[in-house]
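The values are calculated or read from the model by the stated rules, or taken from the named source; none is laboratory data. As the structure is a prediction and not an experimental result, all values here were calculated from the model. Don't worry about glycine lacking a Cβ; one is built from the backbone with ideal geometry, like all the others, and counts go over all protein chains shown. For accessibility, only protein heavy atoms count, side chains too; no ligands or nucleic acids. Shrake-Rupley method; radii C 1.70, N 1.55, O 1.52, S 1.80 Å.
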Amino acid sequence: MKKNVVAIVLFVLAGFISGCATGRNTVLDPTLAYQARPDKALVILMRPSSFGAAISSAVFDATGDHNELIAVLGPKEKVAYYCPPGDRLFMVIAENADFMEATLEAGKIYYGIVTPRMGVWKARFSLHPFKVNHAEQEFRLDSSNLKEWLTACHFVTPNADAVKYGQEKAFDIQERRADYTARWASMSENDKQWRRLLPADGVSAPIR
């Protein structure tokens, strides 16, 4: 029992030490439903779970060598990100780094989810795509979970603190990316196929 209490205390303290706590990095986006654009692909990333609530998850467009901050998401938050179509790489950073590959088409909307799990000092996060066909039912586009999670989350945009975080921690973020890139590359294709958005996984209208 004492060990569990100590673990919880350390977990909460890590959230404050990280300087990336929930509620400090976003502002409410009043947009209720983002629409597809003919010249862009739209990726909606959400974090519906409250597990690890003291820790926010920073998500990036890591295509190429540059890490472009999309948002620093807390529980029950989602962000809409328009980007050029084609091959892209998305990344989430916390104690670890995790990735989601994507081949996107213009005029389509794609969905992804940040899922937390317990790490050594603070929560770790993974990125999962919602696919037409997925080995796990909860990550299928026709899953009832997707609609429930989308409804549970509100749209946000990064605030000045999030932008500052991305700038000041750029070196650390790149180091974390480099540390975990090799692990990602070593993942078997059988596993990686479920962590990849394909053109057919996009929809033309928002899922509600």
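Placing R47, R208 in order of accessible area, with the largest value first and a 1.4 Å probe, yields R208, R47.
Could you give me D for the stretch 35-118, from Stokes-Einstein at 37 °C and 0.692 mPa s, where the hydrodynamic radius is the Kirkwood radius over C-alpha pairs? Units µm² s⁻¹, please.
In µm²/s, the coefficient rounds to 251.
Taking each residue as 0.36 nm, the span from D39 to S204 lengthens on full extension beyond its C-alpha to C-alpha distance by 58.1 nm.
Which entries in the list K76/K192; K169/K192; K40/K76; K76/K147; K78/K108 go over 20 Å, if you measure between the two C-alpha atoms of each?
Numbers: K76/K192 26 Å; K169/K192 28 Å; K40/K76 26 Å; K76/K147 13 Å; K78/K108 18 Å.
Pairs exceeding the cut-off: K76/K192; K169/K192; K40/K76.
Return the carbon/sulfur percentage of the accessible area of the stretch 70-208, one whole number, probe 1.4 Å, all protein chains in place.
Working: 3260 of 6380 Å².
Heavy-atom surface of the stretch 70-208 belonging to carbon and sulfur, 1.4 Å probe: 51 percent.
Working from label points 7 Å from Cα in the Cα-to-Cβ sense, the H154 to A178 distance is 4.0 nm. Each semi-axis of the equivalent ellipsoid for the stretch 45-179 is √(5λ) with λ an eigenvalue of the Cα gyration tensor; in descending order they amount to 22, 18, 14 Å.
Subtracting the Cα-Cα distance from 0.36 nm times the residue separation, let me have the gained length for A170 to F51 in nm, one decimal. The partial results should precede the final answer.
Working: separation 119, 0.36 × 119 = 42.84 nm, distance 2.60 nm.
The span from A170 to F51 would gain 40.2 nm if fully extended.
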